[in-house]
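The next block holds one structure in the form of C-alpha cells; read it before the comments.
Throughout, read-outs are computed from the coordinates displayed, never taken from laboratory work. Note that this is a predicted model, so its numbers are computed, not measured. Cβ coordinates were reconstructed from backbone atoms using ideal geometry, including for glycine residues, and neighbour counts include every protein chain displayed.
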Amino acid sequence: MYTGILPIIPAANRLPAFESGVKVTALGGGHGLAASLSALRLLTSNLTAVVTVADDGGSSGRLREELGVLPPGDLRMALSALCDDTDWGRTWRDVMQHRFTSRNGGEGSLDNHALGNLLIVTLWELLGDPVAGLRWAGALLGARGEVLPMASVPLTIEGQLKSSADALHPNGRTIRGQARLAKAGEVDNVRLLPEDAPACKEAVDAIHAADWVVLGPGSWYTSVLPHLLLPEMRAALCATKAKRLVTMNLDINDLEATGMDAADHLRVISRYAPEFGVDVVLADPASISDVGEFTEAAAMIGAEVVFGKVGSSGGTATHDPLRLAAAYRDIFGDN
C-alpha cells in the first residue's frame, strides 16, 4: 500500500516529426557520453549506452578498491542522462547525482560518495549480476534506454607521457590509471589492462543489433578510445552491420589531447584501429581549425563529414541536447 501520493509520470517530450524505431548503441564515458545520451533519448527509446569501466578516481575509485566492483560513476552518469525532463526524471536524476559532504570539512566514510554509486553497488551485491543491477536501477529511474558496462571486469588504462621522454624513457614515462592519465598532459601508446579482458556480452550484442553506433564525444584517450582497445569490442565494432557515427568534441585541446587538433583525433582512431571504418563524422565548425585537413582525415577512415552547430549558446564547450538531437535526427534520416 502507498503511504503518500506518487508524482504523475507524464509522457516524455520528444522532437516533433521524428518517430522511429531506430536502434542506437552509444559508446563512451563520463560527461561526453551523457551529452550524447541526453540528445539521443529525445529521438528514440530503443537506446543502449555502453560505458567505459576504467575509472579509478573519486567515489568510483574508492568503491572499486574497497569492494572489488566495477567503477559505477560513469554508469551512474549515463543512467541519469537517460532520465526524462519531467518532475519524476529530474528528481531521480538529482538523487542519483547527489553527493554527501561531511560536516565541518571533515572526511567521513560517505564524504564525496554519489548516492547513485551506492545504489548501483547495492543492487550488484544483492543480485550478483552487474547487468541485472543496472536494469533494476534503470527501471527505478524510468530511464529511456539501457546502460551496460563495456567489460565484465574493472579495467586499468595506462599510457606514456610524451613530455617526460628522456634517454631512459624514449617514449615517455608510463602513467597508470584513468584519473592520472586524464590530467597528465599529452599522452601516447595507450593500452588497457588486462589486455584479454572479456567484453560484456550484452554490450557486444547491442553493437551487432544496432542500426547506428555512436562513438563520442568524450575524453579521446580515456573515454572514447578504450572501446577500440578491448579486443572483443573492437571486433564487434568492425563487424557490425550498423552504420557508425563519430561525434567530435567541442573542446578539442583538453589536457590528455594537448597539442592535438580535430584531424589528429581522427588519426588516433586510424592508428589504434586501422580496420575500423566510420560512416559519418559530426563536428561543430567552431571547433575545426582546418576544414580541408579535417575532411581528409575523415576520408582516411571512410567517413563523410557533417558540420552542424551543436554547441550550447552559453559560451561553454558543452553540447546542447536539442541541437545535437536535431543533428542526429538529420543524419539518421538521411542515411
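Spin-label model, ASP251/GLN97: points 7 Å from Cα along the beta carbon direction are separated by 1.6 nm.
Projecting each Cα onto the charge dipole of the chain (Lys/Arg +1, Asp/Glu -1 at the beta carbon, about the Cα centre), which of MET77, TRP88, TYR272 comes out farthest on the positive side? It is TRP88. In the chain, a dipole from Cβ-located charges (positive for Lys and Arg, negative for Asp and Glu) runs towards its positive end, and of PHE100, HIS31, PRO231 it is PHE100 whose Cα lies farthest in that direction. The simple spin-label model puts a point 7 Å past each Cα toward its Cβ; for ALA132 and ARG176 those points are separated by 3.4 nm. For the stretch 266-317, the C-alpha radius of gyration sits at 1.24 times the compact-globule guess of 2.2 N^0.38 Å, with N the residue count. Placing unit charges on each Cβ (+1 for Lys and Arg, -1 for Asp and Glu) gives the chain a dipole about its Cα centre, and among THR318, ALA184, GLY128 the Cα reaching farthest toward its positive end belongs to GLY128.
To one decimal place, what Kirkwood hydrodynamic radius in Å is obtained for the stretch 219-320 from all pairs of distinct Cα atoms? Intermediate values should be presented prior to the final figure.
On the way: mean 1/r = 0.0711 Å⁻¹.
Radius from the Kirkwood sum: 14.1 Å.
Using bins of 20 Å that start at zero, the share of Cα-Cα pairs per bin across the chain amounts to 31, 59, 9, 0, in whole %. So which of LYS201/LYS241; LYS23/LYS201; LYS162/LYS183; LYS183/LYS241; LYS183/LYS309 end up more than 25 Å apart by C-alpha? Those over the limit are LYS183/LYS241; LYS183/LYS309.
Using a Förster distance of 35 angstrom, determine the FRET efficiency expected from the C-beta separation of SER270 and LEU140, and round it to 0.05.
Numbers: r = 41 Å, r/R0 = 1.17.
After rounding, the FRET efficiency stands at 0.30.
Using a ≥ b ≥ c from the Cα gyration tensor of the stretch 59-136 (square roots of the eigenvalues), is it rounded, prolate or oblate, where a/c under 1.5 gives rounded and otherwise the larger of a/b and b/c decides, a/b for prolate? Note, shape of the stretch 59-136 comes out oblate. Summing Cβ point charges (Lys, Arg +1; Asp, Glu -1) relative to the Cα centre of the chain gives a dipole of roughly 520 debye. For the stretch 226-295, a simple Cβ point-charge model (Lys and Arg +1, Asp and Glu -1, everything else neutral) yields a dipole of about 460 debye relative to the Cα centre. The overall shape of the stretch 113-223 is prolate: from the C-alpha gyration tensor, with semi-axes ordered a ≥ b ≥ c, the ratio a/c is 1.5 or greater and a/b exceeds b/c. For the stretch 177-217, applying the loop criterion from DSSP together with a ceiling of 13 other beta carbons within 10 Å to the GluC sites (Glu not before Pro) yields GLU195.
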